[in-house]
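Following: one structure in structure tokens, then a few remarks.
The values are calculated or read from the model by the stated rules, or taken from the named source; none is laboratory data. Predicted, not measured: the structure shown is a model, and the values here were computed from it. Cβ coordinates were reconstructed from backbone atoms using ideal geometry, including for glycine residues, and neighbour counts include every protein chain displayed. Side chains included, ligands, DNA and RNA excluded: accessible areas come from the protein's heavy atoms. Shrake-Rupley method; radii C 1.70, N 1.55, O 1.52, S 1.80 Å.
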Amino acid sequence: MRVIAYRITLLEPTLVTALQGDPNEGVAFDYIPGSVLRGAIIKKYLRTNHLTELDAADPHIRRLFFDGTTRYLNGYPLDRLGKRTLPTPLSWHREKGNEREIFDFAAEPPDISDDKQWQWVGKPFCSLGEPEEEGKQKVRLVQPERHIAVHTARTRRFGRAMPANVIDPSKGDVPGAVYRYDALAAGQTFGAIVVCDNDAEAQEIRPLLSGEVTLGGSRSGGYGRARLEVVREETVETWRETGIPFGAEVNGKIIITLLSDALIRDSNGQFTVDPEAVRKTLSQHLGVELRLQHAFLRGEIVGGFNRKWGLPLPQALALRMGSVFVFDRPDCDESKLRQLELQGIGERRVEGFGRVAVNWQTEAELEVDTTPPSQVIPTVTIPPGSD
């Protein structure tokens, strides 16, 4: 198995819209979904191999893009040190008014008798610093920058904005309407990963992870241009998505954190955010019966768009990235926990859904690293006598 890490630099604002906002507003995700990155790589594959479309029945094509043998993980923003961040755990809380200290309720539940006002930390992504011998472990919180632009809404019948003397309200035309794009700002860099179960697929995918691509919508309106660059390639024996050594337990329990949205079905076949369904799914993967202690979770609606069909994908209820589940330490081999991290859980794993981390956060108290990013100002030399 091979793991290829690469970077995405946004050359233009990028609009990969989430299912939120009003009808006259497009709000982008705070990250670049794996489904969008897979689509961009498929486009490069078609162009490189002089194809017009993929044969989804071809076993080789299926291993590359469809059956989960090759998994395209989400692109998350880099922190000030250039490290790929991960979704902030929903078990992290801070006392209202205190921006420096973070308490992980998964590692140590709060004292219910105190009168403190707790709230979530508020930043969608984070990266953990190296554990310190003295003091609390540092954590860097990251909020991607946004680009907001207001545009004139097009008249649907004509496909473009039309003057007031042409539109007809009886046919559904709306006069003077405007809409807003809330996109990821240009100039930011995101880190993404491709996990390949076979070395042959890794060798074929790696050349496609370099050069320019277009991501998201409104590509003809100055959105979506980005550049890919391979950072490194390694084997799964030396790799963890969290970037820290594997720990078998935390105070006699295991803490499982979702590093991406997860699509889990209940016993009736319906998508659910029920912790009991998550417990059963994890128990099946590990081959043991888990006992749930605590759960910190949220749900959200996820969808997508298939450019080949020109149709939206069915919407589904998903567990939100950052959800945390605390279980009693199971009596199972450590290799099964490692395999759980590599394979993930739930559906659409080829698109980066269902990523999990085992015992990623181990400290009950953390401290926010407030060091500002270093400002690198290039030096410009003007030759003597030049204009």
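With protein chains left intact and a 1.4 Å probe, residues in region 212-277 average 46 Å² of accessible area per residue. Comparing Cα centroids, region 267-297 and region 30-71 end up 31 angstrom apart. Carbon-plus-sulfur accessible fraction, the chain (probe radius 1.4 Å, protein heavy atoms only): 48%. For K308, the lysines whose Cα falls under 30 Å of its own Cα, not counting residues fewer than eight places away in the same chain, are K43, K44, K171. In the chain, a dipole from Cβ-located charges (positive for Lys and Arg, negative for Asp and Glu) runs towards its positive end, and of V356, A277, N24 it is N24 whose Cα lies farthest in that direction. Here the chain is treated with +1 on each Lys and Arg Cβ and -1 on each Asp and Glu Cβ, and its dipole about the Cα centre works out to around 1740 debye.
For a quick protection proxy, order the peptides 280-286, 186-192 by their average other-Cβ count within 10 Å, most packed first.
Values: 280-286: 17.4, 186-192: 19.0.
Ranking, from highest mean packing down: 186-192, 280-286.
Sorting the segments 32-41, 233-242 by their residues' average number of neighbouring beta-carbon atoms within 10 angstrom, most packed first, yields 32-41, 233-242.
Seen from a random direction on average, the alpha-carbon convex hull of region 250-360 projects onto 7.1 square nanometres. With a Förster radius of 41 Å applied to the beta-carbon distance between L51 and V166, the computed FRET efficiency rounds to 0.45. A simple spin-label model places the labels of R329 and V178 6.0 nm from each other, with each point 7 Å out along Cα-to-Cβ. In degrees, nearest 10, range 0 to 90: what is the angle between the Cα axis of helix 334-343 and the longest Cα principal axis of the chain? It is inclined by approximately 10 degrees. Distance between the 7 Å Cα→Cβ label points at R232 and S386: 3.7 nm.
Candidate cross-link partners of K123 among the lysines, defined by an alpha-carbon separation under 22 Å and a same-chain spacing of 8 or more, comprise K83, K96, K136, K138. Based on Cα atoms of region 1-100, Rg over Rh with Rh as the Kirkwood radius reads 1.06.
For V231, the amide hydrogen comes within under 5 Å of the amide hydrogens of A5, Y6, R7, counting only partners 5 or more places away or on other chains and with H modelled in the peptide plane. Computed over the chain, the Cα gyration tensor eigenvalues convert (square root of 5λ each) into semi-axes of 36, 27, 25 Å, ordered from largest to smallest.
Under a Gaussian network description of the chain, with springs only between Cα atoms under 10 Å, the residue in V230, V195, V178 that fluctuates furthest is V178. In this structure, the amide hydrogen of Y31, modeled 1.01 Å from its nitrogen in the peptide plane, lies closer than 5 angstrom to no residue at least 5 positions away or on a different chain.
Here the sum of -39500 (n - 2.57) over DSSP H runs of 4 or more residues, divided by the residues of the chain, equals -4000 deg cm²/dmol at 222 nm, to the nearest 500.
Assuming R0 = 45 Å, can you tell me the calculated FRET efficiency for the pair Q343 and T379, based on Cβ-Cβ distance, to the nearest 0.05?
On the way: r = 49 Å, r/R0 = 1.08.
The computed FRET efficiency comes out at 0.40.
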